[in-house]
Amino acid sequence: MSEYIVIGKITRTHGLFGNVKVFPTTNVGEVFANLKQVFIKDESRNGIYRVTVQRIRKVGKEYLLKIAGIDNVETAKKIVGLQLAVRIEDLPKLKANEYYFYQLLNVDVYDERGEMIGKVVDIIETGSNDVAVVKGKGGEVLVPMIRECIVQFEPQKRLVVKLPEWM
């Protein structure tokens, strides 16, 4: 399943005709812009199913989706709680200094001297910048994902950071 990236979670039904609301779990909104084919990931059954998106629109922080073949609220209820995924190769290309959350999660984090600090376990979106939550043997460290703090980033491999002098 590693060729797929989860982009959202189906949170609830909407209306009587099979529409569902999806909460995005990706930091790049363009992923939802031209969705045609997506995959519904059902971890309880260890399955992944390709579906066709008929309509999509942003509603607040969520997206309203109409999926082909899901035409009533009873059928839509069956997919509530499941995840939406896309293939990695179908993700929009990023500009320089941009990243997807999946590229940062579980990455080893080192300081400028090469000492391991820990692993990225979560990402906090603050509005102005993302903050990587790093857990290691020294506890938890919050690292702002800004140019002044990031020395080097190799997606899905390694993050080298400049920590404040007082740490």
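The values are calculated or read from the model by the stated rules, or taken from the named source; none is laboratory data. Predicted model only: the values in this text are computed from it and were never measured. Note: ideal-geometry Cβ built from the backbone for every residue, glycine included; neighbour counts use all protein chains shown.
So, of the residues in segment 72-99 that are more than 16 Å from ILE7 (Cβ to Cβ) and not charged (D, E, K, R), which turns out to be surrounded by the most Cβ atoms within 10 Å (Cβ to Cβ)?
Applying the filter and picking the extreme gives ALA76.
Which residues, taken from segment 128-167, are assigned to a loop (DSSP other than H, G, I, E, B) and small (Gly, Ala, Ser)?
Correct list: SER128, GLY138.
List pairs: first residue in segment 130-143 and on the phi < 0 side of the Ramachandran plot, second residue outside any strand (DSSP E or B) and β-branched (Val, Ile, Thr) anywhere in the structure, Cβ distance under 9 angstrom, at least six positions apart or on different chains.
These pairs meet every condition: ASP130/ILE146; ALA132/VAL107.
Please go through segment 137-155 and pick out each residue that is under 15 Å from VAL121 (Cβ atoms) and surrounded by fewer than 16 Cβ atoms within 10 Å (Cβ to Cβ).
Residues satisfying the conditions are LYS137, GLY138, GLY139, GLU140, LEU142.
From the set of residues in segment 19-39 that are modelled with pLDDT of 95 or more and β-branched (Val, Ile, Thr), which is farthest from ASN97 (Cα to Cα)?
Per the stated criteria, the residue is VAL20.
Which is polar (S, T, N, Q) and within 27 Å of LEU105 (Cβ to Cβ), of ASN72, ASN19, ASN46?
Unique residue meeting the criteria: ASN46.
Can you name every one of the strands (runs of 3 or more DSSP E) wholly within segment 1-103 that holds 2 or more residues which are within 30 Å of GLU154 (Cβ to Cβ)?
In segment 1-103, 4-14, 19-24, 37-42, 83-87 are the strands (runs of 3 or more DSSP E) which contain 2 or more residues that are within 30 Å of GLU154 (Cβ to Cβ).
Among the candidates GLU140, GLU112, GLU165, GLU154, single out the residue that is charged (D, E, K, R), out of contact with any Cys (no Cβ under 9 Å at 6 or more places or on another chain) and modelled with pLDDT under 90.
Selected residue: GLU165, the only one of GLU140, GLU112, GLU165, GLU154 that is charged (D, E, K, R), out of contact with any Cys (no Cβ under 9 Å at 6 or more places or on another chain) and modelled with pLDDT under 90.
Being within 18 Å of the chain's Cα centre (by Cα) and not in a strand (DSSP E or B) is the filter here; which residues of segment 104-127 pass it?
Once the filter is applied, which keeps residues that are within 18 Å of the chain's Cα centre (by Cα) and not in a strand (DSSP E or B), segment 104-127 yields LEU104, LEU105, ASN106, VAL107, THR126, GLY127.
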